[in-house]
Amino acid sequence: MNRIAPLALAASLLPMTTLAQDNPAAILVLDGSGSMWGQIDGVAKITIAQEVMGELMTTLPADLDLGLTVYGHRRKGDCSDIETLVLPGPGTRAAITSAVNGIKPKGKTPMADAVVAAAKALRHHENAATVILVSDGIETCAPDVCAVARELEATGVDFTAHVVGFDVKDPEARAQFQCMAEATGGKFLSAANADELGAALTQVAEIKQPPAPEPTPDPEPVLHYTHFAGSLEPNGDALKFPARWEIFDAAGNPAGTINGGIGMLKLAQGDYTARLTRPEDGASAETAFFVGPGMASEISLRLQPLKPPATLIAPDTAETGATIAVTWEGPATENDYLDTALPGADAGTYVTYEYVHKGNPVMLRMPTEPGTYDIRYLQSVGPTVLATKTITLSERSFGLNAPATAVIGETIKVDWTGSGYGEDYITLAEPSSDGASYETYEYVSKGNPLELRLTLFPGAYELRYINGQNSSIAHAVPITLTDRAVTLTAPASAQAGGTITVTHDGPAYDDDYITFAPLDSGPDAYDTYEYVYDKTSVTVPVPETPGRYALRYVSIWGDARALAENVVDVN
């Protein structure tokens, strides 16, 4: 790994910056975001950077005042995690080395705001200022890195940012770095590994300060900073696609251009016209404005959202709750989706939806209420409705045919009428409960007629056909459950640890059993037990501890219930 050449950096680059003193001064801005844990040849990028910076500190000229700003090193997901750890000054070498070695990458990449913080620490409004940024990733916080760089260039006495992209493969990140460097008169260099990092720093160190401009005998005209901001109707969302500003003076002569939706120009006092154009579809807007002392410094224009072409093919009619095939054409950008909505509903307000990446056609579920709806293609940005197809939904027919009365715990047959969608089901529920409540249930996909096991508790209930899409009650009929008397015939006393024979006339439902349990215990308590199966006479083990016990016939279906109980003395 190159350990010598980078260390010439301070001698040839940094003397251009001073802080109202004789010694040259500059600030290193180091990436401390989570991506610096990435490895090159098996070594973490932060480790490589720490080693290079450590050697740099040992060879810097004694008269160089150097500072350090770091970002992303303290908190995850915090765009304000920027800290100038060492202010420029004499004797900062050990402090910078210690600070760099203590960095544990964690957070986001607010590199633009970090450069701003370094520039302020250098008092770039008063002095020539140089910042050297070493970063491995794309800006994740500032809305426009180029705009920030131009602002620093425009507002500083002589501001320069040199950028070293360390193991950067993302074209957008490289473009940001290059824009920051070019906008401030600096240089962008790329390093793919430790050796190239050293070589890049060597090249930056060889950059010479451009000669001062020739003095002009006549004073320059006073220029006013004017900001330009393009946005989208109707809410003023910032432009997220290419746009171009063109500025013309009162005579119609070009006075400046901005390639992008947001930017800034320095203009002399006078009348101007600004035009904002979106090249993709030619949409444009313009306004007249005046530049001068005390006048507004921001010009804003809005364009209608760009709507790529899209089409939908779907049936004109369908049944409520049905799943239909919708064939679509559209941009298929990430998270685009089809939905159903009431006519005139805002984008983002829907009844049902499905993402277009699920296929073509998309299988789209219809609402459960009859009426007229719009099937829509929505681009996720916005969201924006790109295409609409009207569909009319007719009511489904539902019906239930079952006994009006039944015995607790038994299984009855229910004939049903409905669409039979896979998630639809039939329930036994209390009449006053909502559609999501039930005592027992079974999916209609199990058959027609459907076999439904009833609860063990008598009373008035409803049999319901439930629309599984939203748990609504599509149809309901009343049913009354009558109790079932069960008799146990068994000895009044028994020998501890032995067995007794118990005869019963119970229903012998699945999992019914006869049990010895403590007196006054709940129906699911037991000491010993034996399943009934289909036998009317059961041999039951007697508890080994003497005492009085409840001998019970117990059924379980959801909850447990004792259908009969005798008292037995165990001796």
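The values are calculated or read from the model by the stated rules, or taken from the named source; none is laboratory data. All figures in this text were calculated on a predicted structure; none of them were measured in a lab. Methodologically, a virtual Cβ is constructed for each residue, glycine included, from the backbone with ideal geometry; neighbour enumeration extends over all protein chains shown.
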task: Pick out the one residue from Thr352, Thr287, Thr273, Thr327 that is in contact with a Ser or Thr (Cβ under 6 Å, 6 or more places away or on another chain), modelled with pLDDT of 90 or more and not assigned by TED's automatic domain parsing to the domain that holds Ile473.
output: Thr352
Residues within the range 516-571 that are surrounded by 13 or more Cβ atoms within 10 Å (Cβ to Cβ) and among the β-branched types (Val, Ile, Thr), tallied: 9
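Assess whether Thr455 counts as being in a loop (DSSP other than H, G, I, E, B) and buried (at least 18 other Cβ atoms within 10 Å of the Cβ). Outline the logic, then answer.
Values: in a loop (DSSP other than H, G, I, E, B): yes; buried (at least 18 other Cβ atoms within 10 Å of the Cβ): yes.
Yes: the conditions hold for Thr455.
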message: Considering only residues that are touching a helix residue (DSSP H, G or I) at 6+ places or on another chain (Cβ under 7 Å), free of Cβ contacts under 8 Å to residues at least 40 places away in the same chain and either buried (at least 23 other Cβ atoms within 10 Å of the Cβ) or among the hydrophobic types (A, V, I, L, M, F, W, C) (or both), which ones fall in the range 143-175?
response: Val145, Val148, Ala149, Leu152, Val163, Gly165, Val168
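The rows are residues; the columns are (1) in the same structural domain as Pro449 (by TED's automatic domain parsing); (2) without any contact (Cβ under 8 Å) to a residue 24 or more places away in the chain; (3) crowded, with 19+ Cβ neighbours inside 10 Å; (4) polar (S, T, N, Q).
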residue	(1), (2), (3), (4)
Val362	no, no, yes, no
Pro367	no, no, yes, no
Thr372	no, no, no, yes
Ile375	no, no, yes, no
Leu378	no, no, yes, no
Val381	no, no, no, no
Thr390	no, no, no, yes
Thr405	yes, no, no, yes
- prompt: So Leu364 fits all but one of (1) closer than 21 Å to Gln469 by Cβ; (2) assigned to a loop (DSSP other than H, G, I, E, B); what number is the exception?
  reply: (2)
- request: Name the residue, out of Ala341, Ala310, Ala318, that is within 30 Å of Gly420 (Cβ to Cβ), crowded, with 17+ Cβ neighbours inside 10 Å and in contact (Cβ under 8 Å) with a residue 60 or more places away in the chain.
  value: Ala318
- prompt: What number of residues within the range 548-571 satisfy the criterion of being at pLDDT below 95 and under 15 Å from Ala494 (Cβ atoms)?
  reply: 1
- request: Check Thr97, Thr84, Thr109, Thr47 and return the single one that is at pLDDT 85 or above and part of a strand (DSSP E or B).
  value: Thr84
- prompt: Restricting attention to the range 463-496, which residues are touching a strand residue (DSSP E or B) at 6+ places or on another chain (Cβ under 7 Å) and closer than 30 Å to Arg548 by Cβ?
  reply: Arg484, Val486, Thr487, Leu488, Thr489, Ala490, Pro491, Ala492, Ser493, Ala494, Ala496
- prompt: For the range 357-396, what are the residues that are within 18 Å of Ala347 (Cα to Cα) and under 23 Å from the mean Cα position of the chain (by Cα)?
  reply: Tyr377, Leu378, Gln379, Ser380, Val381, Gly382, Pro383, Thr384, Val385
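Got a sec? Which of Thr277, Thr257 is touching an Asp or Glu at 6+ places or on another chain (Cβ under 9 Å) and either of a type in the set (Lys, Arg) or surrounded by fewer than 16 Cβ atoms within 10 Å (Cβ to Cβ) (or both)? Reasoning before the result, please.
On the way: Thr277 fails: either of a type in the set (Lys, Arg) or surrounded by fewer than 16 Cβ atoms within 10 Å (Cβ to Cβ) (or both).
Only one candidate qualifies: Thr257.
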task: Please find, within the range 96-138, the residue that is surrounded by the fewest Cβ atoms within 10 Å (Cβ to Cβ) out of those that are more than 34 Å from the chain's Cα centre (by Cα) and without any contact (Cβ under 8 Å) to a residue 24 or more places away in the chain.
output: Ser98
statement: Taking the range 261-305 and keeping residues of a type in the set (S, T, N, Q), without any contact (Cβ under 8 Å) to a residue 40 or more places away in the chain and under 14 Å from Gly230 (Cβ atoms) leaves Thr277, Ser284, Thr287
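Looking only at the range 344-360, how many residues end up being in a loop (DSSP other than H, G, I, E, B) and surrounded by 18 or more Cβ atoms within 10 Å (Cβ to Cβ)?
First pass over the range 344-360, keeping only residues in a loop (DSSP other than H, G, I, E, B): 344-351, 359-360.
Those still in the list that are surrounded by 18 or more Cβ atoms within 10 Å (Cβ to Cβ) too: 350.
Total meeting the criteria: 1.
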- prompt: Limited to the range 525-547, what total is found for residues that are of a type in the set (D, E, K, R) and more than 19 Å from Val567 (Cβ to Cβ)?
  reply: 2
